[in-house]
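These notes are about the structure you will find just below.
The values are calculated or read from the model by the stated rules, or taken from the named source; none is laboratory data. Predicted model only: the values in this text are computed from it and were never measured. Note: ideal-geometry Cβ built from the backbone for every residue, glycine included; neighbour counts use all protein chains shown. We work out accessible area using only protein heavy atoms, side chains counted, and drop any ligands, DNA or RNA first. Shrake-Rupley method; radii C 1.70, N 1.55, O 1.52, S 1.80 Å.
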Amino acid sequence: MPCRRLFIVALIPLLLTACSEPEDTGPGQPVAHRRTAFNTILKAFEPMGSQLRKSQYKPDDFIALAKRLNQAKQGPWEYFTPGSDYPPSRATASVWSEAEKFETRRQEFFKAADQLLVAAETRDEAKAKAAYEALHDTCRECHKTFKKS
């Protein structure tokens, strides 16, 4: 029995490694850079949603998060370079084949992020929530076409 337990304990890290995504080994690591940039945006975006969903709206915190999101909003886009659709990328080929549509979605995201900051600065929770939802919708629409599940 102890040998079996030792085998199972030794097997767990191997299985976890096998399940992880491949490393970005592309020149300049554009996939890794854009993922990091998107995570920076999410670290501002998700706490705002949490405040709104849990009825814990704190205008000063919300404004600070909206400012952080606006500072980070440009981050990922320069890393959608031609040829960067290899694993571990979750971008679909449509990013490049429908570049005009992708740019339109990007501009919609920028506009919604700007509007979220304006709404946040009013300190009005209803306005902040509506702007947050509008920004969330731009993300969802872009993901439908341009991100693999």
| request: Take the Cβ-Cβ distance between LYS147 and ARG123 as r, set R0 to 41 Å, and report the resulting FRET efficiency rounded to the nearest 0.05. | output: 0.80
| task | Return the label of the correct value of Kirkwood radius over Cα pairs in Å, as calculated from the structure shown, out of [x] 17.5; [y] 15.8; [z] 17.0. | result | [x]
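Ignoring ligands, DNA and RNA, what percent of the 1.4 Å accessible area of the chain is carbon and sulfur? Present the calculation step by step, with values, prior to reporting the outcome.
Numbers: 5470 of 9550 Å².
Answer for the chain is 57 percent, counting heavy atoms of protein chains only.
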| Taking only protein heavy atoms and a 1.4 Å probe, what accessible area per residue, in Å², does the chain have with all protein chains in place? | 64
| In nm, spacing of pseudo-spin labels at ALA130 and ARG90 (7 Å Cα→C-beta vector) | 3.1
| Other-chain or far-sequence residues with amide H under 5 Å of ALA91's (modelled H) | LYS148
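Just from its helices, what would the mean residue ellipticity at 222 nm be for the chain, if runs of 4 or more DSSP H residues each count -39500 (n - 2.57) and the sum is divided by every residue, rounded to the nearest 500 deg cm²/dmol?
Numbers: 6 runs with 105 residues, N = 149.
Roughly -23500 deg cm²/dmol at 222 nm, from the helical runs in the chain.
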| request: Work out from phi, with θ = phi - 60° and the Karplus expression 6.51 cos²θ - 1.76 cosθ + 1.60, the ³J(HN,Hα) of each residue of region 111-116, listed in order in whole Hz, and give x for Gly and Pro. | output: 4, 5, 5, 4, 5, 5
| field | Global size of region 22-73 as Cα Rg and Dmax, reported in angstrom | value | 14.4, 45
| Among the listed pairs LYS54/LYS111; LYS73/LYS101; LYS54/LYS144; LYS43/LYS101; LYS43/LYS129; LYS111/LYS144, which are separated by more than 21 Å between their Cα atoms? | LYS54/LYS111; LYS54/LYS144; LYS43/LYS101
| For the chain, with the dipole built from +1 on Lys and Arg beta-carbon atoms and -1 on Asp and Glu ones, taken about the Cα centre, which of TYR79, GLN56, ALA113 lies farthest toward the positive end? | GLN56
| How large is ³J(HN,Hα), in whole Hz, for each residue of region 121-128 in order, when computed from phi with the Karplus curve 6.51 cos²θ - 1.76 cosθ + 1.60 and θ = phi - 60°, using x for Gly and Pro? | 5, 6, 6, 8, 4, 5, 5, 5
